[in-house]
Every structure is written in C-alpha cells, then in structure tokens.
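The values are calculated or read from the model by the stated rules, or taken from the named source; none is laboratory data. Owing to the predicted nature of the structure, the values given are computational and were not obtained by experimental measurement. Neighbour counts are summed over all protein chains in view; Cβ atoms, including those assigned to glycine, are modelled from backbone coordinates with ideal geometry.
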Amino acid sequence: MSDALPAVEAAAPAPARRGRFTVRALARRRAAVIGSTGLVLIAGLAVFAPWVAPHDPAAQDLGNILAPPFWDSAGSWEHALGTDALGRDTASRLIHGARNSLMISFAAMLIGSLLGLAAGIVSGFFGGKVDTATMRLGEIQLAFPFILLAIAILGVIPGRTPLHLILVLGIPGWIVYARVVRSRVLAERERDHVRAAAALGARRSRQLFRYVLPSVWQVVPVIAMLDIGFLVIMESMLSFLGLGLPPRFPSWGAMLAEGRRNMVISPWLSILPGLAIMLTVLSVNLTADGLADVFDPKLRKGTFRRTVLRLPERAEPDTANDHGAATRRAAAPPQRSVEAGARHAPAASGSALLRVRDLKVEFPLPGRTIKAVRGVSFDLGRGETLGIVGESGSGKSVTALSIGQLLDSPGRVTGGQILFDGQDLTRISDRAMAALRGRRIAMIFQNPTASLSPVFSIGFQMREAIRRHGRLHREEASRIAHDSLWAVGIGDPDRVLGQYPFQLSGGMNQRVMIAMAMAARPDLLIADEPTTALDVTTQAQILERLRDLVQAEGTSLIFITHDIALVAEHADRVVVMYAGQICESGPTEQVISEPRHPYTRALLESVPRPDLPAGVRLEAIPGELPDPASIPDGCPFAPRCPHVMDVCRTVNPDQFPVAPDHRAACHLWSPDRTRAGTP
Amino acid sequence: MIVRLAFRLAQMLFVILAVVTIAFFVLRIAAGDPARLVNPPGTPEEIITQTRRRLGTDQPLLGQYVTFLGNLIRGDLGTTFRGSLPVRDAVLAALPNTLALAGLAVLAAAGIALVLGALAAWRPNGSLDRTVLGYSALAQATPAFWLGLVLVMFFSLELRWFPAIDMTGPRSFVLPVVTLAVTLSPILVRTVRQSFIETQGEDFFRAARARGLGEVRLFTVHALKMASLPVITLIGLQLGFLLAGAVVVEAIFNWPGIGKLILDALGSRDFPMIQGGVLVAAIAFVVLNFVVDLLYRLLDPRVRVGAS
C-alpha cells in the first residue's frame, strides 16, 4: 500500500471514522431499532400468550371451520385471522406458536452456547492436547450429516417430547460457539495485561474470569442471536415435516403443513405462519446486526488500512537480513549524488513528456475534505528521472496515482492539468486512460508481493499484461515474459514464471513488477517507493537494475521516495513535497548541495552519513505534518520551521526562483528579501 | 500427499460407518417392533412371530448388526419390509433425482450470489447495494417450505406455468430448484459482495489496473477468482443445510429423491429403507465435502502449493 490512504486517515482518524459512522451506521441502526422493536413485540406475545391470545388455541369449533380473516368480505373480528380446518382460531394458534417456537429455539441456543462456551474456553486456555482433541471433534462433527440423523431419530422416537427437539437442535451448535470463543481466548491470552498477571502469579482461574471472559462476552450474544434465527427456521422445518413438536403444541411449521391441505380455498392458512416465521427471523437477524455494532469494535473500524510500520519483507536468499534504517541510508551517501546528477544532463524543458500544472486532489469525506495535493506543478523530460521526495502524507503518492488516474475512491482531481504527451489525462475517457496504462504509463508500487494477485501464477499475470498491449499468441507472450525477467536479473525465468508471488521474496516480486512494467516499453514509469519494503542490499541491486533499464530504453522515470539519499543518487531533478505542496524543486545536484528551503535542509540533515564521526546526533525535524483537512493559512511548514517569520504564518509563499531552474517556496527567498542574504 | 489422502479416505469411511451404525441402533432400540407395524392391529401372535422371523428382527441386536454390515460390504442393502423390494434399487433410483435437484440449486445459488454480490459491490451503500442486502436479509428469514408453497400457489395454481408437484420434465425442476437456491443464496450473496469490495481495495487490484487491464477483465477474472474461494468454502459448510433443504423441498414437491424416500420410510417404519436412504445420503454428503475441498485446493494455489 502506498501512502495515499494512510495519508488520508493519518490526517485525523477520529473525525473521519465518526463521519463513516453516522452515514453508514444510521441506516444500520434504524434497521437494528426496527428489528429489536419487532423482537420485543414478538417475544412479548410469546411470553404472555395465554393472556394475549383471544381464544384457546386448541378449542375446536367444527361449525365454523376455515373461516376467512377479517379483510375478507365474509370475515369477522371474532376470529380476526380466521379459523383452520378444525375451527381453531388462527390468531391464537400463531401467538402460541411464537411461544413454542421461541422457547424451543432459546432453550436449544442455551444448550449449544453453554457447551460451546465451556469447550472454547477450556480449549483456548489450556491449549495443547485438550485443544487439539476438542477442535478435532468439531471438525468431525462438521463433516457429519447431522441433520440426516436428526430426521431419522426424531422420525422414529415414540412419544416425542419438546425436550428431544431441544437436544437435537441445540447440541450440534456447540462447535460454532467453541471456535469463536477459543480464538478470542487465544487472542486475549497474548495480551499484555493477561501475561503480566500470569507473570505476577495470578491464578489461572482468576485470570480467566477477570480478563478473558469480558472479551469473550462481546462475541457470544451476537452469535446467539443469529443462532436463534437459524433455530426458529429449523424448528419450523422439523415441525412442518411432522418431526417436530407433538401435535398438541401449536407450531408454525405444523400449522403450515396443515394449512397446505386447504391451500386452494384458504391460502392464508399457509401464508400467515410463514409470514410469522419471516418476521421473527428478520427481527432476530436485524437485532443481531445491531448487537454486532454495539459489541464488536472490530466492525466499527473503518475500511481505511493504516500502515504504521513498514517492515522489510522476506530477505533475498543471498543477503544477510540485519539491516537497520541507518545502514540502509548509509548505503547511498549523498556525496555520490554530485557525480550521479552530473551523469545525465537534465532534459531541456521544451521536450517535456509530462507537464503537471497546478494539480489539486481532494478526498471528500463526510463532514470534511482532505486536500491531499494543493497545486503541484512540474515537468518531466523524455528520458529524464525525476525524484519526488517527502514524508508519508506529503501527497507524493497521491500525485503519482493521479497521473495514472488510479486514485482510490473518494479521491478525485479537483483542479489543474496533467498533460501527457499533449493530452490532458484529467479529461480523457476511462477507456482511453486504460489504453495508456501499462502501455505508455507504467507503475510499480511499494509492496511488490501485495501488488501481484496471490491466486494466479507469475506467468499468468505477466502474459495477461503483455497480451493486453498487443495481440500476441500465448507463446509469444511467454517469450517476452521470459526475456523481460531475464533483463531484470532473474537467472531462471522459467521457474519463476511457474511460481506464485507468495513463493518469492519481496525483492524477486519487485523484479517481476519491473519486468512487467518494462515489457511494454512504456514512455513513463512511475515507481512509488519501489524499494521501501526491501532490505538494503536488495534495494541497491534493484535500483541499479531499474536505472540501467530505464536508461537503455530512454524511459522517463518518476521515482517517489521518502529517502532523499536515494533521490540524490538516482534522480536528475528533484521535487521536495510537503503537505501537498512543492517546497523546493531543481536539478538534483544543486538542490542537494545548496538546499534553500528549510525543510529540504532538515531532510538532508536527518540523513546519516558515513563520514560523520560516531556519536554525532542526527537532527530530527520537530513537530508533525499539519492536518490535511484544515491546513492553516500561510506556509504549511511554518509551525516546524526554525526560521519562521511573521509573514510565514499568514501568506503561503510562491515558488521563488533561487537559481536557474531552481525554486523554493519560502519567504526567505522572496524577491523582497533576497538582498537580506541567506539565513 | 498419499498419506493425507489415505487419512482423508479413512475419515470419510469412519463418518459413513458412524452414521449408519447410529441410525441402525436408534431404529432398533427406539422405534418399536416393526413386525407389529407391518401387520394390522389384532393380528395373532403366531403370525407376528413369523413376520419377525421373516424380517430378521427376532435375532439378537448385535447379530442383526453383524449380518447388516456383512450384507452391506457385499452391496446388499436388504429388502423393504413392506413390498419386499430390493432397497438398493429403490435408493439408487432416487439418488440421481436428489443430486440433480441439489446440484442445480447450488449452481443457481452461486450464480445468484456472483451476480447480486458483484452488483452490490459496484457501489457500496448505493441503492443497488441496499436492495441486494435487503434481498439477502429477506431470503435468510424465509423458510424453504413456505417459499415452496407460495411459489406453487402463485406459479402453478394461479398462473399455471409450472407443475405443482412431481418430477415430470425440465419444467418441473424450476420451482424446486428456485426454492432451494433462494434459501441457500443469502450468505453467499453477502460473502461475494464482501469479497468484491475487499478485492477492489487490494494493492494487486490497483496494480492490475495500472497494468492496463480493463474493468471487465478485472472483475470477471481477478475479483471473481478471489470471490469464488469463500463461496466454495461456504458451499461446503452449507452442505448440511442443503441436505435438510432438499428433504423439505422433496416433501413439498413430491420429488422422488432420497429425502422423500427417507420420510416415507420413516412413516412406515421400514428399517432397511431408512438405513439405505441414510447410508446413501451420508455417502453423498461425505463425498461432496471431499469434492469441495479438492475444488478449493485446485483454485487456491496458496493451499495447493503450500501443502506439497
């Protein structure tokens, strides 16, 4: 994941989440309120059935059979919902049916949940053999056609009682509870406070009740609710088949089965019990949804994923794996930048392949709008490498994604132009854009393994991409895939083509991504933190390979990174971004050797250098990025700037030229002040 | 691999044997004397004793069980108590009808789920999404037997489009299959929706888009394969539910399948027939479970490659 969305979220997670909560959960909550109201009504009818029901549900009146309900012209309010084939009052039987159905389901749920709760807690807490045995038993049960046995048993048992039904319905449910409870216990056991309690010698049983049960208690009611809904249907089904409650107990399923015989003259006798079941189960399920919202905090977390830590992926087989951030940076010492920058002359601006003009990108969220990119302009010449550097949340990845028109919803370009070879990418059709992607504009991303689908082989995905760019035979595409893997330094392309991304290291996957991107010989390659997730040796190898390929093909490269040392080594020109704006831009050599913006300077000072004696403290930049939803007037860096002046807090500086082709957005370089000299 | 397979086969055999054994003893212990049930009330004791001898129920229980297992191994499921028909023939005649019904229903349910789930995921929280979620909530609350009856009332009795009962031709499949498919679909719909929404947020989906793949290909190849995995898992988990649903649907539509066969045999206490039906249903259940696992391994390289 590039830093686009975390940038949005890092902005201010709490309000963003609250926004989601109101819009989305309002509908949910309304449903939950309706559901629980319905449930309370139905449960009330069930509990007070003997007093609420207008008639004795068993009282027959053979003189008044199959009486129609009140809405029929022949109906009467005496039997509001009519009578059945024995003249019994339908409404009363429905109410008593609710009582029986809910009682059976509730009792069955209790049996299943208590068994499961006990099994899950024991299994999760003691682990080892107990756990294995319990879970095995569960697996066997899931592979067991329980319903078949239930039907056979209930079908032949003489003198069936409600207890039989409760046991048969309830017992198989234990495994669902046991699994969920077990996983909760396992998770909770690893928590710090439970571990600390264990270290302090707290007795196991005390830990269990004190710390683990409250967490477990959050999940069980939701499952229990859903279980009741399921059990109501199962109970009615068995009763419908004549295997459920004995005939003397009114039951919705049995009513339906009886009503079916008079389906033609009295269709309501079949329809009403079904509606009762539907309303009940619907109410129960909606209530369960509502409970899940209240109890399970996991569901309340937004869909925004946060990448707090970026850990290196599996190391390349040929490298040692102990590389700290400091060594990584030291591998690319800034002083080499001078020769690197001098190697290729910056392209003349007249032949620009890409011109970005005053680009603005916003993420409208409920109640607030995050301005991720606020007026960014730069040019990229053919065959030129542009480095974009900045912290997470500076807008550099969002800029890159908007060039590919790949912004995640709800992000959108709200202003400016992206001129690629003369056409404005912000205005062309989706189709035209899809035709450019991959073929003329290729991208590689930060997390190579996640950037490949786990369920298709490397070969499939490469061929798919290659064939997209020209009508090729499968063999032809395979050959191109093979050659491009070879070109990125993969020694045995055939083996890799048959493998899956999860079988390869992060470095190998990034090579695959580069090979795929370069196979179409794009005019522009955007590399968004291509090596951030990799260890330092792999990083160096891959960047070198990338540079060679790009140079050989004459591809223009946008290289996005938070690591200014890498930019110094690899880019012809550099753009430094901060809070959605460019604060400094110019030829790499010049920006690195003579940084003019205080932020660039701070970035360079935070890079460890091998020539400094050990013990010299690196300068960290104090303060944090501003909240991109409410960036104050004035220079966004002002709160952190060591040279801040009054004007900085009120006026956002323009891009002031500081040298030929070198600009800095800093009031220190305002024409009014330049004569005052460098700070 | 071979060890795993052998283990799996042993487990399948164990489950089948356990089901049959439990059914056998429950029938013998709980169900009362079939000799009295077969004969009309008031039949003289001698005839009842004769009937017992004919049915073999005069033997000790364990002896009956051993005989039953021995015959089972030879593929002999005995003869029915009533008509003296070979149980095996009756069961084998009924099985394809149930498999056709259940198979078509699963396919239809998966189809409904993929279409509705993808439509819902297209604009999460949009009106289409809410409609689909509403369908899913309603379908989950709808009992199969009621839906079947309502469909019959409307499409058979009212409109006379499809036959109300019996398996008489392709048209007679429509209502039973729809009934079963709709009751299977709600969880599948929600799973597919969730999977499509999650996949759209995945890095590889965006990377595939960046590679120039069109929306149609992205959805019909990449998102669909990701969504098919949980669907297959769920279908495996719902096999029991499917079995129960098939029994009910067969009862409603008078469908000549295993479910109806077992229900009828239960009514007449026809032990061999019940046992035969339970046995075949258990085998089908276990085998289908296995097939679902195989399918999953085939589709998900993480499982397939990880295990070998």
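Does A:G138 count as in the same structural domain as A:P221 (by TED's automatic domain parsing), without any contact (Cβ under 8 Å) to a residue 60 or more places away in the chain and touching a Lys or Arg at 6+ places or on another chain (Cβ under 8 Å)? So that I can check it myself, show each step before the final result.
Numbers: in the same structural domain as A:P221 (by TED's automatic domain parsing): yes; without any contact (Cβ under 8 Å) to a residue 60 or more places away in the chain: yes; touching a Lys or Arg at 6+ places or on another chain (Cβ under 8 Å): yes.
Against the criterion (in the same structural domain as A:P221 (by TED's automatic domain parsing), without any contact (Cβ under 8 Å) to a residue 60 or more places away in the chain and touching a Lys or Arg at 6+ places or on another chain (Cβ under 8 Å)), A:G138 qualifies.
All conditions in (1) among the aliphatic types (A, V, I, L, M); (2) over 19 Å from A:H482 (Cβ atoms); (3) away from every other protein chain (no Cβ under 14 Å) hold for A:L549, with the sole exception of (2). Considering only residues in the stretch A:112-148 that are within 25 Å of B:V19 (Cα to Cα) and of a type in the set (S, T, Y), the one that is nearest to the other protein chains (Cβ to nearest Cβ) turns out to be A:T132. Scanning the stretch A:465-503 for residues that are free of Cβ contacts under 8 Å to residues at least 24 places away in the same chain, touching a Lys or Arg at 6+ places or on another chain (Cβ under 9 Å) and surrounded by 20 or more Cβ atoms within 10 Å (Cβ to Cβ) turns up just one, A:A477.
Counting the residues of the stretch B:116-148 that are surrounded by fewer than 21 Cβ atoms within 10 Å (Cβ to Cβ), more than 8 Å from every other protein chain (Cβ to nearest Cβ) and farther than 27 Å from B:P176 by Cβ gives 7. If you go through the stretch A:393-410 and pick out every residue that is within 19 Å of the chain's Cα centre (by Cα), more than 21 Å from A:G438 (Cβ to Cβ) and in contact (Cβ under 8 Å) with a residue 60 or more places away in the chain, you end up with 1. Take the conditions assigned by TED's automatic domain parsing to the domain that holds A:M516, in contact with a strand residue (DSSP E or B) (Cβ under 6 Å, 6 or more places away or on another chain), surrounded by fewer than 19 Cβ atoms within 10 Å (Cβ to Cβ) and of a type outside the set (S, T, N, Q) and apply them to A:L419. Does it pass? Answer is yes for this residue.
Where residues in the stretch A:655-672 are over 42 Å from the mean Cα position of the chain (by Cα) and not acidic (D, E), which of them is surrounded by the most Cβ atoms within 10 Å (Cβ to Cβ)? The extreme case among them is A:W669.
Looking at A:A450, A:A487, A:A442, A:A481, just one residue is closer than 20 Å to A:G506 by Cα, small (G, A, S) and touching an Asp or Glu at 6+ places or on another chain (Cβ under 6 Å), and that residue is A:A450. Residue pairs whose Cβ atoms lie under 8 Å apart, sitting 6 or more positions apart in sequence or on different chains, and linking a residue in the stretch B:165-194 that is over 13 Å from B:V248 (Cα atoms) to a partner that is among the hydroxyl-bearing types (S, T, Y) and not in a helix (DSSP H, G or I), are B:V182/B:T142.
I'd like to check something: does the stretch A:538-560 contain any residue that is touching a strand residue (DSSP E or B) at 6+ places or on another chain (Cβ under 8 Å), basic (K, R), closer than 24 Å to B:A210 by Cα and not in a loop (DSSP other than H, G, I, E, B)? Yes, because at least one residue in the stretch A:538-560 is touching a strand residue (DSSP E or B) at 6+ places or on another chain (Cβ under 8 Å), basic (K, R), closer than 24 Å to B:A210 by Cα and not in a loop (DSSP other than H, G, I, E, B).
Rundown of residues vs (1) in contact (Cβ under 8 Å) with a residue 24 or more places away in the chain; (2) basic (K, R); (3) outside the structural domain of A:L81 (by TED's automatic domain parsing), yes/no style:
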| site | (1), (2), (3) |
| --- | --- |
| A:G242 | no, no, no |
| A:R248 | yes, yes, no |
| A:W252 | yes, no, no |
| A:R261 | yes, yes, no |
| A:V264 | no, no, no |
| A:S270 | no, no, no |
| A:A276 | yes, no, no |
| A:L279 | yes, no, no |
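Just one of the listed residues (A:A477, A:A435, A:A481, A:A400) is facing chain B (nearest Cβ under 9 Å) and not hydroxyl-bearing (S, T, Y), namely A:A435. The residues in the stretch A:375-391 that are in a loop (DSSP other than H, G, I, E, B) and either without any contact (Cβ under 8 Å) to a residue 40 or more places away in the chain or crowded, with 19+ Cβ neighbours inside 10 Å (or both) can be counted, and the count is 2. Tell me, yes or no, whether the stretch B:150-172 has at least one residue that is at pLDDT below 90, at positive phi and buried (at least 18 other Cβ atoms within 10 Å of the Cβ). No - not one qualifying residue is present in the stretch B:150-172.
What's the total number of residues in the stretch A:450-469 that are of a type in the set (V, I, T) and more than 9 Å from chain B (Cβ to nearest Cβ)? If you could, list the steps in order and put the result at the bottom.
Restricting attention to the stretch A:450-469, the residues satisfying the condition of being of a type in the set (V, I, T) are A:455, A:458, A:466.
From the residues that got through so far, the ones that are more than 9 Å from chain B (Cβ to nearest Cβ) too are A:458, A:466.
The qualifying residues number 2.
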